[in-house]
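What follows is calculated from the coordinates using simple rules that are stated; it is not laboratory data. No experiment lies behind these values; they were computed from the predicted model shown. Here the Cβ is made from the backbone with ideal geometry for all residues, glycine too, and neighbour counts use every protein chain on show.
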Amino acid sequence: MPLNLASSPAAAAKVCAGVRASPRHLLPRALDHQSRRVLSLSSSSSAGRAAGVRAMAAAEAGASTATQAKSSGVKQALISLSDKTNLAYLGNGLQALGFSIISTGGTASSLEAAGVNVTKVEQITNFPEMLDGRVKTLHPSVHGGILARRDQEHHLKALNEHGIGTFDVVVVNLYPFYNKVTSGVISFEDGIENIDIGGPTMIRAAAKNHKDVLVVVDHEDYPALLEYLQGKQDDQQFRKMLAWKAFQHVASYDSAVSEWLWKQSNKGDVFPPNFTVPLSLKSTLRYGENPHQKAAFYGDKSLSVVNAGGIATAIQHHGKEMSYNNYLDADAAWNCVSEFESPTCVVVKHTNPCGVASRQDILEAYRLAVKGDPVSAFGGIVAFNTTIDEDLAKEIREFRSPTDGQTRMFYEIVVAPGYTEKGLEILKGKSKTLRILEAKRSGKGMLSLRQVSGGWLAQESDDLTPEDITFTTVSERAPQDSELSDAKFAWLCVKHVKSNAIVIAKNNCMLGMGSGQPNRLESLRIAFRKAGEEAKGAALASDAFFPFAWNDAVEEACQNGIGVIAEPSGSMRDGDAVDCCNKYGVSLLFTGVRHFRH
């Protein structure tokens, strides 16, 4: 299911679609028999002439056999595969049903090895494979037999005049271009040679003429194909579904080729004029964001996300099936915890981190993250950037809520980069429904897409870390080393909180956060309410500048005992913020980087 994005309707109309491939390639028109005889006998050596005669005789003998099959009305199947999974099963099944099988190269050899009688494609085209396989199947004897409409008398008459038989079944899959270009560094020339030409052409031709030709591109459909052929009824719906799948197969393949060529030819341009995102259905979900909304989960097959990690490729070890909201929350938790280098625990509720803590002792980090907002943490998602071992699993299973010291904490999801055998066993015992995910660290430099009505927004991912920016002191009082460390921690947390966002942190622990409020002052008050007395001397980070300082957010933060404030700057009243912090003896840091998250 490709998602086709274009800069304009005109540009969109030009986008090619696609999936995987193999060089079967273009064939020019076949030479007539007389021309081929002249070419075969023009060798200067007698041995060459003899070999040419033998080859010609063999080809004509094969052609005679193929012609007999056509004229006798024998059903024909064309098979040309890169992925030969279950090929013997398919070939023997078709042969048992009375099909004459036409095949190419390695596919023909594999079928013969499995005891299946095969006519090689060159025996019906009367033309050998050439140009290192670039020219093989694009020939009227192949495509005429695929594209001819059986309900059009003049089509059948034309076939008969040229001795061309019809194909009833076409089974083709494409060379794994996707795997080739993502398996490591390859040359541009090697990539080009792995672009399939003949395969997509045969697939598209058969899919277009699906009323008369069954087209199969997936080995998992072989049983259904054979069962269908054994039946006596002509189910056009089945044919349409196979045709859809065939066009989709080619579309996804072409999208991979297009993406690869764009990167090869446009090294510095992030946004192509148009592009296609190949999406593959991973699961149908119980419902969407709400029970009345249907939903599904798709994996992104773009080359750019290969080995990029993230929740989409996570392994679920235990628990209920993932829901729409589970995916959103797990993604938020995993993206946040993946930012930290030190052992860290992140707790998320409704995509907002409500607890974050980093400690060398991951058990302590877990306890502090939950303590940050135990009410919100209950029923949330807990994520770790370290392997969950036996001790941590026991702590997660048995930990009681800090609110009453009795209620065992309940979570929807636990996600981590790995689990020890014992740790996983213990965690599974916490709840039958607890979803346990194992994920690879999220990659950097991804293109972020977001849908709006009638279009899509694309942007680079927000990958900046505290090490990438400068925290500039603009107040009279400079922060102590510990305060600067707290400010960097708060700044890294606030980029994952929905705007307007405020985070209060100290000693590598989030004490309180305010999120999603229409005004920054209200978010600040929520954060202080959660942090309580621990906010004194702590660091405060804001995702954007403060539009006002006096009698507003900056002064209120200073009056509540905050030690250092980190904000992007950019307000016409930045001077007021500096003056206010100077009055209260608070350190003010300008980062020059905004972290809006909508």
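Label positions at TYR287 and GLU533, each projected 7 Å from the Cα along the C-beta direction, are separated by 4.5 nm. Straight-distance candidates among the lysines for linking to LYS232, with alpha-carbon spacing under 18 Å and chain neighbours fewer than 8 residues away dropped: LYS75, LYS211, LYS240.
Can you show me the helix-derived [θ] at 222 nm for the chain, built from DSSP H runs with n ≥ 4 at -39,500 (n - 2.57) apiece and divided by the number of residues, rounded to the nearest 500. Could you put the intermediate results ahead of the total?
Values: 22 runs with 230 residues, N = 598.
Result for the chain: -11500 deg cm²/dmol, rounded to the nearest 500.
Computed FRET efficiency, Cβ-Cβ of LEU464 and ASN519, R0 22 Å: what is it to the nearest 0.05? All intermediate terms of the calculation are to be shown ahead of the outcome.
Working: r = 25 Å, r/R0 = 1.15.
For R0 = 22 Å, the calculated efficiency reads 0.30.
Mean separation of Cα pairs under 8 Å and 6 or more residues apart, divided by the residue count, gives the stretch 84-188 a relative contact order of 15 percent.
Bridgeable lysines around LYS422 (alpha carbons under 16 Å apart, same-chain partners fewer than 8 residues away excluded): LYS394, LYS430.
A dipole drawn for the stretch 238-366 from +1 and -1 charges on Cβ atoms has a positive end, and of ALA332, THR313, PRO353 the residue lying farthest that way is THR313. Were the residues from THR386 through GLU364 laid out at 0.36 nm apart, the gain over their Cα-Cα distance would be 6.6 nm.
Counting only lysines at least 8 places from LYS180 when in the same chain, those with an alpha carbon closer than 30 Å to its own are LYS14, LYS84, LYS120, LYS136, LYS208, LYS245, LYS263, LYS267, LYS282, LYS301, LYS440, LYS444.
If you take the beta carbon distance between PHE548 and PHE596 as r and set R0 to 25 Å, what does 1/(1 + (r/R0)^6) give as a FRET efficiency, to the nearest 0.05? Efficiency for this residue pair is about 0.85. Given R0 = 35 Å, the distance between the Cβ atoms of TRP456 and ARG149 translates into a calculated FRET efficiency of 0.35.
Global size of the chain: 32.5, 105 Å for Rg and Dmax (C-alpha atoms, Rg to one decimal, Dmax whole).
Taking label positions 7 Å along the Cα-Cβ direction at both VAL306 and SER183, the computed distance is 1.0 nm, reported to one decimal. Coordinate range of the alpha-carbon atoms in the stretch 555-598 per principal axis, descending: 30, 19, 15 Å. When +1 charges are put on Lys and Arg Cβ atoms and -1 charges on Asp and Glu Cβ atoms, the dipole computed for the chain relative to its Cα centre reaches about 1900 debye. First check a/c for the stretch 472-590, with a ≥ b ≥ c the square roots of the eigenvalues of its C-alpha gyration tensor; if it is under 1.5, answer rounded, and if not, answer prolate when a/b is larger than b/c or oblate otherwise. Rounded. Applying both filters, DSSP loop and at most 16 other Cβ atoms within 10 Å, to the trypsin sites (Lys or Arg not before Pro) of the stretch 393-472 gives LYS432, ARG441, LYS444.
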